1. Can you find, within the stretch 306-330, the residue that is nearest to the ligand (Cβ to nearest atom) among those that are touching a residue at least 60 places away in the same chain (Cβ under 8 Å) and open to solvent by less than 10 Å² (accessible area, probe 1.4 Å)?
2. Given the residues Tyr412, Tyr421, which is the only one that is assigned to a loop (DSSP other than H, G, I, E, B), open to solvent by less than 20 Å² (accessible area, probe 1.4 Å) and over 19 Å from Leu487 (Cβ atoms)?
3. Would you be able to say whether some residue in the stretch 432-439 is part of a helix (DSSP H, G or I) and more than 29 Å from Asp500 (Cα to Cα)?
4. For the subset of the stretch 234-276 comprising residues that are farther than 17 Å from Val304 by Cβ and among the β-branched types (Val, Ile, Thr), which member is farthest from the chain's Cα centre (by Cα)?
5. Just checking, which of His509, His491 is more than 20 Å from Trp648 (Cα to Cα) and either open to solvent by 10 Å² or more (accessible area, probe 1.4 Å) or not in a helix (DSSP H, G or I) (or both)?
6. Regarding the stretch 663-675, can at least one residue be identified that is modelled with pLDDT of 95 or more and more than 27 Å from the chain's Cα centre (by Cα)?
7. Among the residues of the stretch 191-207, are any aliphatic (A, V, I, L, M) and under 22 Å from Gly719 (Cα atoms)?
8. From the list Glu595, Glu642, which one is within 30 Å of Thr508 (Cα to Cα) and open to solvent by 60 Å² or more (accessible area, probe 1.4 Å)?
Amino acid sequence: MKKLFMLLIMLPILLGSSAMAQHRFSGEDGYRLWLKYDLIQDQSLRQQYRQQLQSFFIASDSATVDIIKHELTLASNGLLGQTVKFTDSVPKASVVFFKSDNPQLAKYDIKQDLTQLGQEGYLLVTVAKQILLIANSEQGLLYATFDLLRQIQTGTSLTQLNKKQVPKVQLRMLNHWDDLDRHTERGYAGQSIFDWHKLPDYQEQRYYDYARANASIGINGIVPNNVNANALILTPAYLHKVKALADIFRPYGIKVYLSVKFSSPHLIGGLENSDPVKPEVQQWWQDKAAEIYQLIPDFGGFLVKANSEGQPGPGDFGRTHAQGANMLARALKPFGGNVLWRAFVYAHDTKAERSLQAYNEFVPLDGKFDNNVSVQVKNGPIDFQPREPFSPLFGAMPHSSLAMEFQITQEYLGFSTHLAYLGTLYKEALDADTHSKGAGSTVAKVVDGSLSDSPLTAMAGVANIGMDRNWTGHIFGQANWYVFGRLAWDHDLSAADIADEWINMTLTHNKNAIAQIKDMMMSSREDVVNYMTPLGLHHLMDTGHHYGPGPWVDNLGRADWNPTYYHRADKQGLGIDRTAAGTNAISQYAPFWQEKLADPATTPTELLLWFHHLSWDYTMPSGKNLWYELVHHYNMGVAGVEKMQQQWQSVKNQIDPNQFNQVEMALGIQLKEAKWWRDACLAYFQTFSQRPIPEGFPKPAHDVDYYQSLQFPYAPGQG
Ligand code: GCW
């Protein structure tokens, strides 16, 4: 009896502690990203791979080859439970790594022109029972290694490999908006991974892990510092720190670039000013370039934000972007460096509507940039919104190299607590048809150089990486890093296939679970669009930090920082008129688009309010009016998150509990915030539409004053 009594007393404690323990899993915390090499559970598959990967031949010795060998060792031990064996005999090896100059390659009948592989491409082929990895460089072999391992991680057969891979874009870069004090602008995954204070001597393991992850998806360039640059980065003390990073990254095929402040000659060089036509300014940059290359012989070049949001630039001296960019390009040219010159500009002294400004400034300069300059253009004309049309610059500068700039960090898509797979956003932008040279003139073809006469091609992603154990704050944020790299390598891949790979490598091999998770990922970005900015609305985020809704904000220093500037809600209707009757932004697109966008009836529904101010009673393609569709879309967004929650619960048994838990908690936040977005925006727009919430939809939980009163002074990542 006494024992029973004790048990009853203990029971809640026991239960309580086991419930607690649920939040204390020591399982997969996400640090290993998609490079988990856990034992393959399917025994026959494992056995097959063990046979096929019994021994490896890889000639030559170098830091990159060491990395390849290490990777093979990790993978073989982990995935196959088999000790790796390296052999000196090509005929006896089951896997052979060939650099194209290896005479033994002649014994194989490879019917491929290997020069086409360039410096980074590779062949991954099965010949008889041997697996061959062939490339012109060790970097190519490293990429081939990761491809081979990806085949194994995703359970693909190796018996008939026949892959030829050449990256479609030359520079595949991450841009970190990280400050020297480790604050990350628009970063939601903790502090910057770059510890400038302890560099160059203290070299974190994380740098190697980061390089390895990047190499595994083909990223070959990184900019470790913010485009809102600190001139100190070019001082000798910092250049030695940069050198330490470059030395670590080099064998992974990754070059370091730097964001530079245009006024550096003045700020740290003691010159009177930084006017690009002055010989002493040009000389300063040439000397600086020589100093950098002395330390870092393969330095990538400079990334520049000039005359934008208060940053200095050539415009300060009445010079053009081309004059500024070319001056830097000429300093780097003798050493093989490039300039990425950003087109994200909008000036306070111009009356032109903001979406027009980059085009206005840059199109007249088409053809005037040196051939080691690429103009780096954000995917849309405003600023990384959940949905934007493609930037008109992509169809309007045929004689310039145009680099794509995507944002991986989710400044406008819920920070690191919202699940928003950006593969679909990237593909939408890349596949968009500019019609600049007839049908099929896609943005991707502009970026990969096939539609321009410029040889330099680049794609950059603003990184979402920080010190969080799982790197990106949200496990699914890793998928955005991953998909960026994979699409920069090959923009023809599909967002769904890449999601499939990533889920397999990161979360589970269970087919049903993969299907559920893929479905979540593929619709997640549209959910965000719907609960934040449906039907072409944009820039409704709250002041400064961009966290949460702020459609009412109308008091910022510049008109075009205010959400009211973008949605133009009034008693009549909603949306900004960018037709000829309004700002005429449509004139910046090819005639095909001008015609379509001039009329709401032929404008894609998802961009209606981007281009038109429409009456609340406007009849939408569904037959319902605009007000109804607006309410409907906001609710679809919320329903989408509810569905994701259910889908996530349904895969619980297939996911590591720690990973499961992280995502479950984040989805809880996402749902709360989706409802907050819906309710705040609808309560606000209702003050204009003066219409009731249609039957069947919930009314906003609070009035506008309540939502307007919410303050978040410490929201992360502020600029
Ligand atoms: O998206 C906006 C951000 C700024 C950023 C700027 C840019 C680095 O709000 O924080 O500054 O764009 O791209 O330069």
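1. Top of the filtered list is Gly324.
2. Matching residue, one of Tyr412, Tyr421: Tyr412.
3. Looking for residues that are part of a helix (DSSP H, G or I) and more than 29 Å from Asp500 (Cα to Cα), one finds none in the stretch 432-439, hence no.
4. Looking at the filtered set, the residue picked out is Thr235.
5. After applying the criteria, what remains is His491.
6. The answer is no, given that none of the residues of the stretch 663-675 is modelled with pLDDT of 95 or more and more than 27 Å from the chain's Cα centre (by Cα).
7. yes
8. Going through Glu595, Glu642 in turn, just one is within 30 Å of Thr508 (Cα to Cα) and open to solvent by 60 Å² or more (accessible area, probe 1.4 Å): Glu642.
The values are calculated or read from the model by the stated rules, or taken from the named source; none is laboratory data. All values derive from a computational prediction rather than experimental measurement. Positions of Cβ are generated from backbone atoms using ideal geometry, with glycine treated the same way; all protein chains shown enter the neighbour counts. Keep in mind that these areas ignore ligands, DNA and RNA; they rest on the heavy atoms of the full protein, side chains included. Shrake-Rupley method; radii C 1.70, N 1.55, O 1.52, S 1.80 Å.
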